[in-house]
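Student: I have a structure here, written as C-alpha cells, and I will follow up with some questions on it.
The values are calculated or read from the model by the stated rules, or taken from the named source; none is laboratory data. The structure presented is a predicted model; accordingly, all values stated were derived computationally and were not measured. Reconstructed Cβ throughout: ideal geometry from the backbone, glycine too, with neighbour counts over all protein chains shown.
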Amino acid sequence: MKIWGTGILKGFVITMRNWMRGPMTVQYPEQRLTLPERARWTVTQKFNEDGTTKCTGCLICEKECPDHIIRIEMSKLEDGTKHIDDYVYEVGACMMCGLCVAACPFDAIYMSHEYELATRHSADLSRVLLHDVDAYVKPKPKKEDEPDA
Amino acid sequence: MNAVAPIAIRILAMLGLLLVNGVVLIYMLRKVLGRLHIRIGPNRVGPFGLLQTVADVVKLLTKEDLMPDSADKWLFWIAPFVVFVPSFLAYLPLAFGPNLAVTRLDTGLLFLLAVLSLIPIGVLMAGWASNSKWSLVGGMRAAGQQIAYEVPLLLSVLGPVMMAGSLDLSKIIEAQKNLWFVFPQFIAFIIYIIAAQADTQQTPFDMSEAESELITGFANEYGGMRFGFLFLAEFSNMFIVAALGTALFFGGWYLPFLADNPIALSLGPVIFIAKAYIGIFVMMWARGALPRIRVDQLLAFAWKALIPISLSWVVIWACIQRLVLVR
Amino acid sequence: MPASATEDILRSASVAHEAGSEALGTVMRIGPGDVRAALGALAAGGFDQLVDMFATDTGEAIEVTYHLRALAKLESLFIKTTVAYDGAIESVWEVYPAALYPEREAAELLGISFPGHPNPKRLLTVEGTEPLLRKSIAIRGPEEVQFS
Amino acid sequence: MSEPRLDVHAQPGPCWSVPKGLRRVPKGLDELATEHLVLNMGPQHPSTHGVLHVLLELDGEEVQAAEASVGYLHRGIEKLAESRKYHQVGTLLDRSDYLAGLHTEAAFAMATERLAEIEVPRKAEWIRALTMELCRLASHYVWAGTYGMDAGAMAPFLYIMRDREMILDILEAITGGRMMFNYIRPGGVFADLPAGIDQPIRAFLSTFETYLAEMDALLGGNEIFQARMHGVGVISRETAMAFGLAGGTLRASGVDFDVRRDMPYAAYPELDFDVPVATGGDCWDRYVVRIEEMRQAARMIRQLVDGMPEGDFTAKVPKVLRPPAGEMYAAVESPRGELGIHIVSDGSATPYRMRVRSPAYYNLAICDEALAGSLIADAVVILGSLDIVLGEIDR
C-alpha cells in the first residue's frame, strides 16, 4: 500500500493555490449575476404602445401549456368581439418551459427575467395577468379599434 | 480558603480558555475551510461574521433537549460529559509559560495522555446509548481507532521525554531552549502528527463521524447543547494535541534565537498559543485537502506501520542517546 | 443475412416465431410460453446484452418487448410477445440478470407477473397502487387540475 | 448459523443455478453466528445522491447483502408522456435525468424524427452535439465532485462547481435554462446559437485543462484516494454485460462500446474523439475512464466550436406532429451511458407509449451484486462510482 507520498503534499499546495485565487461567491442580495437574454422566468404580458393588451384571446397558450396552468376566462361582447375577464397564470406551478411563448401567434407574452418568486402567501402564487380588458383585435382584418369598456 | 482561591481562579481561567478556544476555533474552521473551498465563510452575523459562533451557541442552548425514545437514558445523558470532562482535564498540566500552568505535575505528560484516552469511553457510550445503528457503528469505529492510535501516540512522545529526561511539560519545554526537539526527533514528530490527527478524529481519520458514510456517527442522535458539548470537546481536543505538539517539538514559549530575550519571554503564553494555532491551522488545512481513509486501512496502518516504526524509533533513539550523546 | 441466422437459433430451440422487419429493426414475435427458451437460446447464440425490456398495453392485451443486442456485431433484435391482462411470463433473470429491475417494474405498472423472479417486490410504487401504465387508468386532464 | 434476512436472492428455484455473471451463490455460511444488522441507508443519506434507499445487511462493517429500494422520485413520466404532444414531451424528459436533460431530449427528438422521417439540418446536428457535450461535462463535474465527497474530500466538489457554473452560464445563454433546457425539439433545436457564444466557450476551454488537472491531482493523485479506489467494487466484464450496464461503468469493465461511435448520431461521425476503455472494472477504473471522457468532451467541444456550419437550426416541422403508426428506438450516449427512448406511435398527436431506457436504472441494478462483501465505506464509494441519478431511475 503506497501511502503518505507526494500526492498528499500536492493536495495541500493545490488547496492553498485555490485559496489565493480568492472566493468565487456572488453575494446574492447585494451582487447579482446578469441573466442572459434567453433566460426563462415568469410569463409576462406584452402591451401595445398605447397600453392596450396584445392578447387576442385565442386560447392557444392555454391549450399549449403542458401543466394547464394558464386559464383564460372570456366573455363575448354584443358586437362579437372577445372580452378577457381574467387571464390567470399559476406562477407557483409554472415550470418555465416557454412553450406558451413559442406558441403565441400574436407575440403577446414573453418570458421575463423576474426570478425572485418566493412569496409569503400561497394566494400570490396565482397571478391575474389581465383583468377585465377587451381582447386585442388585429388592425389588419378589422380596421376599427375597440374603445375601452 | 486562601489556598483554594488561586487554584479555583486557575481552573476557571482554563475553563474560560477552553470555551474561548471553542468559539474561536469554530469560527476559524469555517473561515479556513471556506477559503480553501473558494468560498467566503460566515460573513453575515457581526463584522466579518465574527458573531456567528455566538449565534450558534445561542441556537444550541435554546434548542429542545431531545432524547430518543429507545435510548439508554442514563448513558445518553452522561455521555457528552464523559467526552467533555477529560478534554477539560487535559488542559490542567499544559504549561503556557514559565511557571504558568494550572498545576505543575511531575508526570504531566502521562496525566494528559491518560485523560485523553478516557474519551473513547464517552464516545462509545454515546454511540451505544443512542440506540441507533449508525451511532453504534460510529462509536465502535471510534473505540477501535483510538485504542489503535494511543500506542503510537505514546511511543512518539517518548523521544522528547528521553531528551528532556522528564515527564513534566515545563521541563520538556525548558530543555528546548536551544534546540527544538523537532529537529532531532523528526521521525517521532511525523508519527506524532499522524497519531494525534487520528486520536482526535480529524480528517483524514474522521472515521467515527464520517460525514459521507455515517453522517456524524456517534453524535447522530444528539441535539441542542448536548451536541454542543460533543462538538466543543472535539475542538478542545484539537487544541490540546496542537499545544502538546508545540510543547514537545516546537519549544513551547521559546522563540528561535530569542530564547533569552526578556520581552520574548514575557510574551511566552502568546507565543505558545500562536504556535498551537498554527498547528491547528495545518490540521484544518488537511481537512480541506484530504479524502478520508477507510477504516480497515486505518487500523492496518496503525498496527502494521506506525507502531513498528515508532517502537523502533524509541529503541534507536535510546541507543543514540546512551551511546553517542551521553557519555 | 442476420435475421435468418437469428431465426435459425430460434428454430433450433423449437420456438414458434413470426419474423418481421419493421422500421424498428428485426422483430420476432413469439408466444408467451416460449420466452425463457427463446431468450436462453439467443443468449447462447451471441446476443449478449439485454438492452431493455418493457411492456405496453395494446388495448387488448399486454405486449412485452425484449430488446437484445449482439455487441460484437452491433446487431439489434426485438423479441415481442403478447400476454393477457394479469397473465404471466416466466422470468428471464437467469439468462439476463439485467431483467431483474424491468420485470419488477413491468409487473407493477402493467399488472402482469413473472414467476421465477427471485425478488418479486414492487419497484417504483407502493403497495396498493393500480397498474398505472394500463390504458384504462386515466391521466388527470386539464379539467381536473385545480390550483389554489 | 444465521440466515441473511434480506430476501435479495432468497428464492432458490427448482433448478437453481448461478446465472452468468454472478460471483457467488448468494447464501454464505456464517459460522460465528454473529447477529446481522440491517441498516437503512437513505433515502436521506448524503451519499445516496438523491433519494435512493439501500438496505444493507451488515456483519460488523462488512456488507453481507444489499438491496436498493427506489421509487421515491417516481413521477410517472412514461405515463404522462402518453397525454402530451410530441413537442411537449421534452419538458418531462428534462426532469428525467436532471443532470443531463439535453441527452434525454435528444434521444426523444431523434426517435420522433426517425419515426416521422424528418431530415434534420446539419447545423442542428452540430448544435445538438455541442450542447450535449457541454452538458456531459457539467454532469461529469457533478459526478466527480460528489465522488470526492463520498470519499471524504470536500474541496474538489467546490472547485468543480466553479467550473460547472461556467458551463451552466453558457448553456443558459444558448438554451434559456440552466438545467431544464427544453431546447432540443423534434426537427432540430429551438433556437439558433446566440451571437458571440464562442467567446465564453473558448474562455471556458482555456481554463478547463488547468482546473481539471488540479482536480485530478487532488483526487486521483492522492494516495489515500487511490487506496480507497483500487480493487474496490470490481465488476467483471461478464457481470457488466449480464446486467446491461452502460457508459463509463461498462467501459471500465473492458467492454469497448460507445453509442456515439458505434451507433452514430448528431455530429459525432464528423468528430475526432477517442473512447477510453479500462479493464480492471474497479472504482479506480471508473474514475479514470470518466476523467478521460471529460478530456475527450472538451476536445470535441473545441472541434464543434471551430467547425460550426452555417444553415438552418431546425427543419420544417408541422405545429402538431403526427408521426405514422409504428415503433422506433433511438439511443444517445448520455453521461451515464446508453440512453434510449422507445416510442410506440399510433398515428395520433401523442405517443401511444414511451419507454425510457435509462442507463442509471440498469447501472443501479448491479448494486445488489457489487456491494455484497464490501465495507460500508466501500459501499458508499461503489454507489458513487456507478454515477446514478435518481430522477432517471425512478422516472
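Student: Wholly within the range D:1-95, which strands (runs of 3 or more DSSP E) include no fewer than the required count, namely at least 2 residues that are at pLDDT 50 or above, facing another protein chain (nearest Cβ under 9 Å) and surrounded by fewer than 18 Cβ atoms within 10 Å (Cβ to Cβ)?
Tutor: Working: elements: D:37-41, D:53-59, D:62-69.
Per the criteria, D:37-41.
Here's the yes/no breakdown for (1) polar (S, T, N, Q); (2) within 13 Å of another protein chain (Cβ to nearest Cβ):
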site	(1), (2)
B:33	no, yes
B:37	no, yes
B:41	no, yes
B:51	no, no
B:55	no, no
B:62	yes, no
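Student: Across the range D:200-240, what is the number of residues that are under 26 Å from residue A:17 (Cα atoms) and of a type in the set (Lys, Arg)?
Tutor: Looking only at that region, the number is 2.
Student: Also: Mind checking which pairs have a first residue in the range B:285-309 that is within 11 Å of chain D (Cβ to nearest Cβ) and a second that is small (Gly, Ala, Ser) and not in a helix (DSSP H, G or I), Cβ under 6 Å, 6 or more apart or different chains?
Tutor: B:291/D:151; B:291/D:152; B:291/D:153; B:292/D:152
Student: Take residues that are within 14 Å of chain C (Cβ to nearest Cβ) and of a type in the set (Lys, Arg) and tell me which of the helices (runs of 4 or more DSSP H) falling wholly in the range D:164-283 contain 2 or more.
Tutor: Details: elements: D:198-219, D:223-229, D:237-242, D:247-252, D:259-262.
Result: D:259-262.
Student: Right, something else. Which members of the range D:147-160 meet the condition of being more than 9 Å from chain B (Cβ to nearest Cβ) and either more than 16 Å from residue D:210 (Cβ to Cβ) or surrounded by fewer than 24 Cβ atoms within 10 Å (Cβ to Cβ) (or both)?
Tutor: D:147 - this is the single residue of the range D:147-160 that is more than 9 Å from chain B (Cβ to nearest Cβ) and either more than 16 Å from residue D:210 (Cβ to Cβ) or surrounded by fewer than 24 Cβ atoms within 10 Å (Cβ to Cβ) (or both).
Student: Here's another thing I want to ask about it. Would it be correct to say that residue D:341 is among the hydrophobic types (A, V, I, L, M, F, W, C) and closer than 22 Å to residue C:79 by Cα?
Tutor: On the way: among the hydrophobic types (A, V, I, L, M, F, W, C): yes; closer than 22 Å to residue C:79 by Cα: yes.
Considered against the rule, which asks whether it is among the hydrophobic types (A, V, I, L, M, F, W, C) and closer than 22 Å to residue C:79 by Cα, residue D:341 comes out as yes.
Student: I'd like to check something: does the range D:75-96 contain any residue that is in contact (Cβ under 8 Å) with a residue 24 or more places away in the chain, among the small types (Gly, Ala, Ser), in contact with a Gly (Cβ under 7 Å, 6 or more places away or on another chain) and within 19 Å of residue A:98 (Cβ to Cβ)? Talk me through it step by step, then tell me what you get.
Tutor: Applying the first criterion (in contact (Cβ under 8 Å) with a residue 24 or more places away in the chain) to the range D:75-96 yields D:75-78, D:81-87, D:89-91, D:93-96.
Pick out the ones that are also among the small types (Gly, Ala, Ser) and you get D:76, D:81, D:83, D:90, D:96.
Those still in the list that are in contact with a Gly (Cβ under 7 Å, 6 or more places away or on another chain) too: D:96.
Checking the rest, the ones that are also within 19 Å of residue A:98 (Cβ to Cβ) come to D:96.
Among the residues of the range D:75-96, at least one is in contact (Cβ under 8 Å) with a residue 24 or more places away in the chain, among the small types (Gly, Ala, Ser), in contact with a Gly (Cβ under 7 Å, 6 or more places away or on another chain) and within 19 Å of residue A:98 (Cβ to Cβ), which makes the answer yes.
Student: Would you please name the residue that is modelled with the highest pLDDT, looking only at residues in the range C:51-69 that are surrounded by fewer than 17 Cβ atoms within 10 Å (Cβ to Cβ) and within 11 Å of chain D (Cβ to nearest Cβ)?
Tutor: Among residues in the range C:51-69 that are surrounded by fewer than 17 Cβ atoms within 10 Å (Cβ to Cβ) and within 11 Å of chain D (Cβ to nearest Cβ), the one modelled with the highest pLDDT is C:58.
Student: Among residues belonging to the range A:100-133 that are over 11 Å from the mean Cα position of the chain (by Cα) and within 11 Å of chain D (Cβ to nearest Cβ), point out the one that is surrounded by the most Cβ atoms within 10 Å (Cβ to Cβ).
Tutor: By that ranking, first place goes to A:103.
Student: If I go through the range B:284-327 residue by residue, how many of them are among the aliphatic types (A, V, I, L, M) and touching a strand residue (DSSP E or B) at 6+ places or on another chain (Cβ under 8 Å)? So that I can check it myself, show each step before the final result.
Tutor: Here is the first cut: in the range B:284-327, the ones among the aliphatic types (A, V, I, L, M) are B:284, B:286, B:289-290, B:293, B:295, B:298-300, B:302, B:305-307, B:309, B:311, B:314-316, B:318, B:320, B:323-326.
If we keep only those that are touching a strand residue (DSSP E or B) at 6+ places or on another chain (Cβ under 8 Å) as well, we get B:295.
Number of matching residues: 1.
Student: Need the failing condition index for residue C:126 against (1) touching a helix residue (DSSP H, G or I) at 6+ places or on another chain (Cβ under 8 Å); (2) at pLDDT below 85, just the number.
Tutor: The one condition residue C:126 does not meet is (1).
Student: If I filter the range A:78-95 down to residues being within 13 Å of chain D (Cβ to nearest Cβ) and surrounded by fewer than 20 Cβ atoms within 10 Å (Cβ to Cβ), which single residue comes out as modelled with the lowest pLDDT?
Tutor: The first filter runs over the range A:78-95 and keeps only residues within 13 Å of chain D (Cβ to nearest Cβ), leaving A:93-95.
Pick out the ones that are also surrounded by fewer than 20 Cβ atoms within 10 Å (Cβ to Cβ) and you get A:93, A:95.
Values: A:93: 84, A:95: 87.
It comes out as A:93.
So that you can scan it fast, the table gives a plain yes or no per residue for (1) under 30 Å from residue D:39 (Cα atoms); (2) modelled with pLDDT under 90; (3) charged (D, E, K, R):
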site	(1), (2), (3)
D:312	no, yes, yes
D:317	no, yes, no
D:364	yes, yes, no
D:380	yes, yes, no
D:384	yes, yes, no
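Student: Within the range C:87-101, can you find the residues that are in a helix (DSSP H, G or I) and more than 8 Å from chain D (Cβ to nearest Cβ)?
Tutor: Listed by number, the list holds a single entry, C:99.
Student: Here is a follow-up. Among the residues of the range D:265-284, write down those that are closer than 17 Å to residue D:298 by Cβ and of a type in the set (Ser, Thr, Tyr).
Tutor: D:268
Student: Only one of these is more than 9 Å from chain D (Cβ to nearest Cβ), under 16 Å from the mean Cα position of the chain (by Cα) and at pLDDT below 85: C:134, C:104. Name it. Quick ask: steps written out before the conclusion?
Tutor: Numbers: C:104 fails: at pLDDT below 85.
Testing whether each residue is more than 9 Å from chain D (Cβ to nearest Cβ), under 16 Å from the mean Cα position of the chain (by Cα) and at pLDDT below 85 leaves just C:134.
Student: Within the range D:96-120, restricting attention to residues that are part of a helix (DSSP H, G or I) and of a type in the set (A, V, I, L, M), which residue is surrounded by the most Cβ atoms within 10 Å (Cβ to Cβ)?
Tutor: Of the residues in the range D:96-120, the ones part of a helix (DSSP H, G or I) are D:101-116.
Subset that is of a type in the set (A, V, I, L, M): D:102, D:106-107, D:109-111, D:115-116.
On the way: D:102: 33, D:106: 30, D:107: 30, D:109: 30, D:110: 25, D:111: 26, D:115: 25, D:116: 19.
The extreme case among them is D:102.
Student: Are any of the residues in the range D:242-255 of a type outside the set (Gly, Ala, Ser), out of contact with any Pro (no Cβ under 6 Å at 6 or more places or on another chain) and without any contact (Cβ under 8 Å) to a residue 60 or more places away in the chain? Explain how you work it out, then say what you get.
Tutor: Just the residues of the range D:242-255 that are of a type outside the set (Gly, Ala, Ser), to begin with: D:243, D:245, D:249-251, D:255.
After this cut, where a residue has to be out of contact with any Pro (no Cβ under 6 Å at 6 or more places or on another chain) as well, the list is D:245, D:249-251, D:255.
Remaining after also requiring without any contact (Cβ under 8 Å) to a residue 60 or more places away in the chain: D:251, D:255.
Yes, the range D:242-255 contains at least one residue that is of a type outside the set (Gly, Ala, Ser), out of contact with any Pro (no Cβ under 6 Å at 6 or more places or on another chain) and without any contact (Cβ under 8 Å) to a residue 60 or more places away in the chain.
Student: Just a yes or no: is a residue in the range A:3-25 surrounded by fewer than 16 Cβ atoms within 10 Å (Cβ to Cβ), away from chain D (no Cβ under 13 Å), part of a loop (DSSP other than H, G, I, E, B) and not basic (Lys, Arg)?
Tutor: no
Student: Can you tell me which residue in the range C:107-131 is farthest from the other protein chains (Cβ to nearest Cβ), limited to those that are in contact (Cβ under 8 Å) with a residue 24 or more places away in the chain and hydrophobic (A, V, I, L, M, F, W, C)?
Tutor: Step by step, filter the range C:107-131, then rank; the result is C:112.
Student: State whether the residues of the range D:355-373 include one that is farther than 30 Å from residue C:59 by Cβ and surrounded by fewer than 19 Cβ atoms within 10 Å (Cβ to Cβ).
Tutor: Yes - at least one qualifying residue is present in the range D:355-373.
Student: For the range D:308-334: of the residues being touching a His at 6+ places or on another chain (Cβ under 9 Å) and surrounded by fewer than 13 Cβ atoms within 10 Å (Cβ to Cβ), which is farthest from residue D:349 (Cα to Cα)?
Tutor: Of the residues in the range D:308-334, the ones touching a His at 6+ places or on another chain (Cβ under 9 Å) are D:317, D:319-321, D:327-330, D:332-334.
Right, trim to surrounded by fewer than 13 Cβ atoms within 10 Å (Cβ to Cβ) and you get D:319-320.
On the way: D:319: 10, D:320: 7 Å.
Checked the range D:308-334; the qualifying residue farthest from residue D:349 (Cα to Cα) is D:319.
Student: Something else now. Step by step: first the residues of the range D:381-395, then only those that are facing chain C (nearest Cβ under 10 Å) and in a helix (DSSP H, G or I), then the one that is surrounded by the most Cβ atoms within 10 Å (Cβ to Cβ). Which residue is that? It would help to see each step written out before you state the result.
Tutor: Restricting attention to the range D:381-395, the residues satisfying the condition of being facing chain C (nearest Cβ under 10 Å) are D:393-395.
Still in the list and also in a helix (DSSP H, G or I): D:393-394.
Working: D:393: 30, D:394: 24.
Checked the range D:381-395; the qualifying residue surrounded by the most Cβ atoms within 10 Å (Cβ to Cβ) is D:393.
Student: Next question, about the same structure. Filtering the range D:122-156 down to residues that are acidic (Asp, Glu) and more than 15 Å from residue D:167 (Cα to Cα), which residue is modelled with the lowest pLDDT? Outline the logic, then answer.
Tutor: Taking the range D:122-156 as the starting set, the residues that turn out to be acidic (Asp, Glu) are D:125, D:133, D:150.
Add one more test, that the residue is more than 15 Å from residue D:167 (Cα to Cα), and what stays is D:125, D:150.
Working: D:125: 88, D:150: 85.
Applying the filter and picking the extreme gives D:150.
Student: From C:23, C:72, which residue is surrounded by fewer than 23 Cβ atoms within 10 Å (Cβ to Cβ) and either in contact with a Ser or Thr (Cβ under 8 Å, 6 or more places away or on another chain) or facing another protein chain (nearest Cβ under 9 Å) (or both)? So that I can check it myself, show each step before the final result.
Tutor: Numbers: C:72 fails: either in contact with a Ser or Thr (Cβ under 8 Å, 6 or more places away or on another chain) or facing another protein chain (nearest Cβ under 9 Å) (or both).
Within the list C:23, C:72, the selection yields C:23.
Student: In addition: Filter the range B:138-164 down to residues that are acidic (Asp, Glu) and touching a Phe, Trp or Tyr at 6+ places or on another chain (Cβ under 9 Å), then give me how many there are. Lay out the reasoning, then the answer.
Tutor: Residues of the range B:138-164 that are acidic (Asp, Glu), as a first pass: B:150.
Narrowing the set further to residues that are touching a Phe, Trp or Tyr at 6+ places or on another chain (Cβ under 9 Å) leaves none.
So the count comes out to 0.
Student: Further question: Is at least one residue of the range B:72-95 assigned to a loop (DSSP other than H, G, I, E, B) and without any contact (Cβ under 8 Å) to a residue 60 or more places away in the chain? Walk me through it before giving the result.
Tutor: Initially, the range B:72-95 is screened for residues assigned to a loop (DSSP other than H, G, I, E, B), giving B:72, B:90-94.
From what is left, the residues that are without any contact (Cβ under 8 Å) to a residue 60 or more places away in the chain are B:72.
Yes, that holds for at least one residue.
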